[in-house]
Each structure stands twice: as structure tokens, then as C-alpha cells.
Amino acid sequence: MVLLTAVCVGSAVSAQAQAPTVAGARRFLARAETTLYDLSVKASRADWVANTFITFDTEELTAEAQEAYAVATRDLAMQARRTSDWGNGSLPTCAASCCC
């Protein structure tokens, strides 16, 4: 019983300690933008080469670059979803007003 209480209290404390913050969100967005920008440039360059020099190898390079971009986008979306603390899943008023 004591161990179970300690585990429950410990997980509640760690959940509070890891609650999303504005600074954490800004760091995440900066990292996400940098990652996606770099992968986008690589994919665009690979696509240009594939369209200029049409070979099996250049087509494969394009496919690999696009896959890396898609995987990074998926991973970042999953990370953002795990760290969001919107409660019922809806966006806060300020975020909703920025996009609509």
C-alpha cells in the first residue's frame, strides 16, 4: 500500500514537473522549424536533380528525401500531441484566433 501510494505520488509530481510551458513550446517550435526547413531544402534539391538528370538513382534520392521529411513531420506531430495540455483537445482561444 505504501509503495503504491509512493508510485502514485511520484508520478503526479513528475507530471506536474513536466507540464508544458510557453518557453518549452517555443523551443519545440524552433527545433521543429529548423528540422523541417533543413529536410525541405534537401528534398527540393533532390527533386531538382531528379528532374534535371532523370535516372533511377536520382528518383530514389528524391523518394528518400521525401520520406525523411514525411517521417520527421509525423514524429514532430506526435511529439506535439503528447506534450499539448489542451485538456479536451481543443485549441486555446489565442491559438485558434491566429489561424482562422
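Going by what's in this entry, would ALA72 be described as at pLDDT 85 or above and either within 13 Å of the chain's Cα centre (by Cα) or not in a helix (DSSP H, G or I) (or both)? Give the derivation first.
On the way: at pLDDT 85 or above: yes; either within 13 Å of the chain's Cα centre (by Cα) or not in a helix (DSSP H, G or I) (or both): yes.
Answer is yes for this residue.
In the list ALA46, ALA25, ALA12, which residue meets the criterion of being surrounded by 12 or more Cβ atoms within 10 Å (Cβ to Cβ), assigned to a helix (DSSP H, G or I) and modelled with pLDDT under 90? Full working, then the answer.
Values: ALA46 fails: modelled with pLDDT under 90; ALA12 fails: surrounded by 12 or more Cβ atoms within 10 Å (Cβ to Cβ).
Going through ALA46, ALA25, ALA12 in turn, the sole match is ALA25.
ALA32 meets the conditions (1) at pLDDT 75 or above; (2) more than 14 Å from ALA72 (Cβ to Cβ) in every case but one. The failed one is (2). Taking GLU64 as the residue in question, decide whether it is of a type in the set (Asp, Glu), surrounded by fewer than 14 Cβ atoms within 10 Å (Cβ to Cβ), in contact with a helix residue (DSSP H, G or I) (Cβ under 9 Å, 6 or more places away or on another chain) and farther than 30 Å from ARG27 by Cα. The answer is no for GLU64.
The values are calculated or read from the model by the stated rules, or taken from the named source; none is laboratory data. Because the structure is a prediction, the values reported are computed rather than measured. For neighbour counting, all protein chains shown are included, and Cβ atoms are generated from backbone atoms with ideal geometry for every residue, glycine included.
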